[in-house]
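The values are calculated or read from the model by the stated rules, or taken from the named source; none is laboratory data. Please read these numbers as outputs of a predicted model, since none were measured by experiment. Glycine also receives a Cβ, built like all others from the backbone with ideal geometry; neighbour counts cover every protein chain displayed. Protein only, heavy atoms only, side chains kept; ligands, DNA and RNA dropped before computing areas. Shrake-Rupley method; radii C 1.70, N 1.55, O 1.52, S 1.80 Å.
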Amino acid sequence: MEYNLADLFESVVDAVPDREALVYVDHPGTGAERRLTYAELDAAANRIGHHLIDSGIRPGEHLGLHLYNGVEYVQTVLGCLKARIVPVNVNYRYVEEELVYLYQDADLVALVFDAEFTDRVAAALPRVDGLRHLVRKGDPAPGAADAPVRASVPAVAFADAEAAGSPERGFPARSGDDQFIIYTGGTTGMPKGVMWRQEDLFFSGLGGGAPTGEPVQKPEELAERVAAGGDGITFFPTAPLMHGTSTLTAFIGFNFGQRVVIHRKYVPEEVLRTIEKEKVTSMSLVGDAMLRPLVDALSGPMKGTDCSSMFSVSSSGAIMSDTVRRQFQELVPNVLLLNNFGSSESGFNGTATEDSGPERGFRIRVNSRTQVVDPATHEPVAVGEVGRVAQCGHVPLGYYNDPGKTAETFFEKDGERWVLLGDMATVDEEGVVTVLGRGSQCINTGGEKVYPEEVEQALKSHPDVYDALVAGVPDARWGNHVAAVVQLRTGAVRPSLADIQTHCRSHLAGYKIPRQLVITESIRRSPSGKADYRWAREVAVAADG
């Protein structure tokens with residue numbers, strides 16, 4: 001047995017076959033749900049894995065998951081891993097041009113998609129070479145284009161595919177070298193596929209089977225720990241599974257032999273009902289965009305919801321601001337709120353300190369494999385100097401189909417492989433890292449560097465601001481000026497630029513203060529809550545003109 005995700009999952013199944021593994025809640029208000037034990041989920045994954053093999057999909061080939069959250073998503077990922085087929089996440093918000101790019105770039109030979117996306121798949125498929133097998137979950141809406149889009153590529157109904165596959169295992173031997181590809185969001189450029197060996201992903205993204213303790217020393221130890229322990233923990237990844245954070249959270253739950261709950265879509269009121277009903281203990285989300293609606297619901301229509309089972313709420317990919325964290329803590333006093341730091345390229349790097357906030361910045365206690373280095377020499381920076389976050393050890397192989405970007409991001413030093421992340425940071429005498437923000441989003445204004453995340457934290461501490469993004473706008477005098485794109489709270493009095501500037505001065509140096517304010521009806525983010533800075537810049541530039 002190796003550190004292969006399917007092997008590890010099967011070892012847990014054999015240890016606790018009758019324990020509940022997955023709970024799925026469908027559309028809000030329907031009451032529809034599915035519950036699968038570990039043995040039932042294993043059999044379901046076997047069925048789809050065997051169907052894919054029987055359909056001619058071979059080990060190492062790539063399958064796209066163009067799906068909302070659901071049992072089928074988890075089942076298909078596991079089925080791919082069992083059959084040594086590489087699962088590839090597809091952002092379900094993508095439209096035709098973006099889908100054509102991703103399908104081609106990822107060299108997909110198979111696609112499992114929700115019937116709601118039939119029209120988009122139909123529009124993209126004629127322009128994509130290599131896709132030879134389609135599986136459709138559900139029935140397309142009346143009038144929607146039907147896939148097959150080409151007579152040579154018939155779409156198999158997911159239920160038929162599942163019924164045709166054997167529920168038994170019987171798969172060829174697997175390896176820790178088998179791959180898992182995570183496509184990044186692409187909000188500032190075209191998406192990139194991060195290629196992970198499964199053994200590396202197990203240790204960097206899944207904590208070696210124990211994110212809060214000591215990693216396992218051998219693959220067999222995972223099931224031994226599960227068998228020796230009890231149940232009672234419920235993991236709730238609330239963001240879409242198409243984003244790496246949620247899929248990895250689900251696998252962390254499976255590695256513990258515990259229960260994982262998923263919703264089809266993120267609806268705050270339904271999330272709170274599920275927390276109460278399922279006695280959720282650990283929830284993951286992405287920043288204020290997902291936490292603030294929970295605060296509003298708990299303060300309003302869902303007031304009194306029992307969240308006492310909750311032990312922790314963690315965020316990765318975007319920061320839970322100090323203001324919103326305090327508001328949630330007042331409503332759910334005993335919960336531990338964790339701002340985690342990581343990426344598709346590194347897995348988990350560390351957790352924010354208690355004193356992180358608008359005044360001191362986003363401060364991280366990083367793991368032993370993470371450093372701040374000079375991007376040119378790759379040597380550690382001195383205390384207080386700005387460098388880039390880097391990680392060694394269990395890191396990805398590179399970016400799929402992009403040797404140039406791989407060479408820029410991954411390097412060897414002292415016989416060890418490293419990944420150079422896009423985040424700029426400093427380090428203090430105690431080794432605490434202050435993350436400044438993505439270098440690609442850095443605003444150069446009059447020669448000074450401003451990182452949007454720092455300004456956004458200050459903006460969101462304003463009582464009338466619900467959400468905010470910050471972008472640089474070309475400026476004849478300063479090169480660029482700092483622009484704040486702001487969504488106000490319902491019923492808030494519209495603040496002036498001077499009001500916003502006065503508020504920010506208590507948190508920020510003068511050159512970081514926004515020189516432009518744009519009030520917008522809503523802030524555009526990905527379904528997981530990640531910022532769309534390209535959109536923010538376009539809005540600010542248009543308003544400035």
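General remarks:
- All conditions but one from (1) part of a strand (DSSP E or B); (2) surrounded by fewer than 24 Cβ atoms within 10 Å (Cβ to Cβ) apply to Asn349; the one that does not is (2).
- Taking the stretch 258-309 as the range and being among the basic types (Lys, Arg), in a helix (DSSP H, G or I) and either at positive phi or buried (at least 24 other Cβ atoms within 10 Å of the Cβ) (or both) as the test, no residue passes.
- Taking the criterion of being within 17 Å of Glu385 (Cα to Cα) and out of contact with any strand residue (DSSP E or B) (no Cβ under 8 Å at 6 or more places or on another chain), the residues of the stretch 415-438 that qualify are Glu429, Glu430.
- Within the stretch 214-257, the residues that satisfy the criterion of being polar (S, T, N, Q) and either part of a helix (DSSP H, G or I) or open to solvent by 40 Å² or more (accessible area, probe 1.4 Å) (or both) are Gln217, Thr245, Ser246, Thr247, Thr249, Asn255.
- Any chance Glu168 is at pLDDT 95 or above, charged (D, E, K, R) and within 20 Å of Ala44 (Cβ to Cβ): yes
- Of the residues making up the stretch 1-22, those that are over 15 Å from Gly257 (Cβ atoms), outside any helix (DSSP H, G or I) and open to solvent by less than 10 Å² (accessible area, probe 1.4 Å) number 1.
- Answer from Ala458, Ala390, Ala476 - the residue that is at pLDDT below 95 and either under 22 Å from the mean Cα position of the chain (by Cα) or surrounded by 21 or more Cβ atoms within 10 Å (Cβ to Cβ) (or both): Ala458
- Considering only residues in the stretch 315-341 that are assigned to a strand (DSSP E or B) and either in contact with a Lys or Arg (Cβ under 6 Å, 6 or more places away or on another chain) or in contact (Cβ under 8 Å) with a residue 40 or more places away in the chain (or both), the one that is surrounded by the most Cβ atoms within 10 Å (Cβ to Cβ) turns out to be Phe341.
- Near pairs, Cβ below 6 angstrom, 6+ apart or cross-chain, from the stretch 288-305 (under 20 Å from Ser522 (Cβ atoms) and without any contact (Cβ under 8 Å) to a residue 12 or more places away in the chain) to any residue that is among the aliphatic types (A, V, I, L, M) and surrounded by 20 or more Cβ atoms within 10 Å (Cβ to Cβ): none
- Some residue of the stretch 520-537 being farther than 25 Å from Pro268 by Cβ and modelled with pLDDT of 95 or more: no
- With a requirement of 2 or more residues that are touching a helix residue (DSSP H, G or I) at 6+ places or on another chain (Cβ under 8 Å), in contact (Cβ under 8 Å) with a residue 24 or more places away in the chain and under 20 Å from Asp160 (Cβ atoms), the helices (runs of 4 or more DSSP H) lying completely within the stretch 27-111 that satisfy it span 38-54, 71-83.
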